[in-house]
Amino acid sequence: MRNKRLKIFVIAGEVSGDVLGARIMNEMPDAEFVGVGGENMTAAGLRPLFPMSDLAVMGVIEVLAHARTLTRRIRETAAAIIDARPDMVLTIDAPGFAKNVIKTVKKSPAGQKLIADGLRFHHVVAPQVWAWRPGRAKKYARTFDRLYAFFDFEIPYFTKYGLDTVAVGHPIADGLVGRARAAGGAEKIITFVPGSRMSEVKRLLPVFRDVADMMHRCGYRDYKFAIPTVETTAQYVAENTADWAVRPELVPSDARYDLYSRTYVAIVASGTVSAELAMLHVPAIVVYKMNPITTWLVRQVINVKWVSLVNILLNRCVYPEFLGGAARAECIMDAFGQLTIPSVREKMIANLATADTLWRRAGGAPAALIADDIRRAVK
């Protein structure tokens, strides 16, 4: 029987993890949370050690460019864990940062004492080892005590190495799957989503501008453009869309689902947003650009045909994908033209609906399932 308040050190490294972290915190009002998070976790009561944007880096070259900052943040976070003496460290995505922090804690004599006294390390979001780098499953087993995966099919990849793994369903499915779309108005909305990381935004925003210009030149005068923004890139997006020929409406992140429900076609970065749109049955086109060296390295090791989760789950190309050099306005416009054909739109929406049962898990929302599991693990 515990006679003290449960203390959890939580780390979230990007927007989707920040949203899930806030939901877990709200499910555990009896617990104390310290650590790293963004605006959602801050609103839920977290006082972050440093800006979450320091961790929002993706790609080999990008990580190298920010190596000094990341190294300093790893040391600071490990020291904060030791100082806080939590009952559990809960990391949400950002696996590279999380593993380095835990490694630093385990090397410290003070950290070793905490572990001997019962400190546990739980991680949310299983790496897609079924897509590439399957050896990561073994490394996760050496680092974490428990893993919360989204899908049942992911479990055997980790349990074979002895890592206790639980499937909790996709966190964003609750409230999205089955949500009614808003009735279409006179104006059709094209929603651009350039991603949540600055490196993504800098590469994709010029592509989206080219698409908007091409649409305007091709006579799509009754179309409006909108971009949902996140705290880490909102100012940059505002400054770099101010001179667009047709200026897009900038929508705060917490209003994005309302925007998606009114969207005619979304043109988006690969990532969580494509899953959100699939759950809402919104026609979309997926694009992605990385540093050429990073792109080449990824292509050497990836084991799946697609990058969009709905395409992977259904094992067919529902959302068109334009990656790397193919992420050009001309290619995107060809796919967009197809989606203005009613039969093509209807077929895509019907395919998205077939994935509805794959996103959720019986027994409750992911945040509630994780919170209940944490309570059982730390008694």
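Structure summary
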{"read-out": "Restricting segment 70-117 to residues that are part of a loop (DSSP other than H, G, I, E, B) and more than 25 Å from Arg5 (Cβ to Cβ), the residue that is nearest to the chain's Cα centre (by Cα)", "value": "Asp93"}
{"read-out": "Pick from segment 154-212, criterion among the β-branched types (Val, Ile, Thr) and part of a helix (DSSP H, G or I), ranking: surrounded by the fewest Cβ atoms within 10 Å (Cβ to Cβ)", "value": "Thr159"}
{"read-out": "Residue match in segment 57-66 (condition: assigned to a helix (DSSP H, G or I), modelled with pLDDT of 85 or more and surrounded by 15 or more Cβ atoms within 10 Å (Cβ to Cβ))", "value": "no"}
{"read-out": "Residues of segment 1-25 satisfying the condition of being over 24 Å from Arg85 (Cβ atoms), surrounded by fewer than 24 Cβ atoms within 10 Å (Cβ to Cβ) and not aliphatic (A, V, I, L, M)", "value": "Ser16, Arg23"}
{"read-out": "Where Cys218 falls short, out of the listed (1) in contact (Cβ under 8 Å) with a residue 12 or more places away in the chain; (2) out of contact with any helix residue (DSSP H, G or I) (no Cβ under 9 Å at 6 or more places or on another chain)", "value": "(2)"}
{"read-out": "In segment 73-95, the residues that are in contact with a strand residue (DSSP E or B) (Cβ under 9 Å, 6 or more places away or on another chain) and either among the acidic types (Asp, Glu) or within 11 Å of Gly35 (Cα to Cα) (or both)", "value": "Thr77, Ala80, Ile81, Ala84, Pro86, Asp87, Val89, Leu90, Thr91, Asp93"}
{"read-out": "Residue list for segment 322-360, filter: outside any helix (DSSP H, G or I) and surrounded by 18 or more Cβ atoms within 10 Å (Cβ to Cβ)", "value": "Phe322, Ala327, Ala355, Arg360"}
{"read-out": "Complete set of residues in segment 118-143 that are of a type outside the set (A, V, I, L, M), farther than 11 Å from Met88 by Cα and part of a loop (DSSP other than H, G, I, E, B)", "value": "Pro127, Gln128, Trp130, Arg133, Pro134, Gly135"}
{"read-out": "Given (1) surrounded by fewer than 20 Cβ atoms within 10 Å (Cβ to Cβ); (2) in contact with a Ser or Thr (Cβ under 9 Å, 6 or more places away or on another chain), index of the condition Ile92 fails", "value": "(1)"}
{"read-out": "Answer residue from segment 361-379, given it is touching a strand residue (DSSP E or B) at 6+ places or on another chain (Cβ under 9 Å) and assigned to a helix (DSSP H, G or I) and is farthest from Met25 (Cα to Cα) among those", "value": "Ala377"}
{"read-out": "Any hit, segment 246-264, residues being crowded, with 22+ Cβ neighbours inside 10 Å, under 23 Å from Met215 (Cα atoms), of a type in the set (Val, Ile, Thr) and over 18 Å from the mean Cα position of the chain (by Cα)", "value": "yes"}
{"read-out": "Test set (1) buried (at least 18 other Cβ atoms within 10 Å of the Cβ); (2) closer than 30 Å to Ala350 by Cα - Ala141 fails condition number", "value": "(2)"}
{"read-out": "Condition check for Val19: outside the structural domain of Arg197 (by TED's automatic domain parsing) and part of a helix (DSSP H, G or I)", "value": "yes"}
{"read-out": "Residue in segment 133-143 that is modelled with pLDDT of 95 or more, among the aliphatic types (A, V, I, L, M) and within 25 Å of Met198 (Cβ to Cβ) present", "value": "no"}
{"read-out": "Checking His123 against (1) modelled with pLDDT under 95; (2) under 19 Å from the mean Cα position of the chain (by Cα), the condition it does not meet", "value": "(1)"}
{"read-out": "Number of the exception - Trp306 against (1) in a strand (DSSP E or B); (2) modelled with pLDDT under 90", "value": "(1)"}
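The values are calculated or read from the model by the stated rules, or taken from the named source; none is laboratory data. Keep in mind the model is a prediction, meaning the values are calculated, not measured. Backbone-built Cβ (ideal geometry, glycine too); neighbour counts: all protein chains shown.
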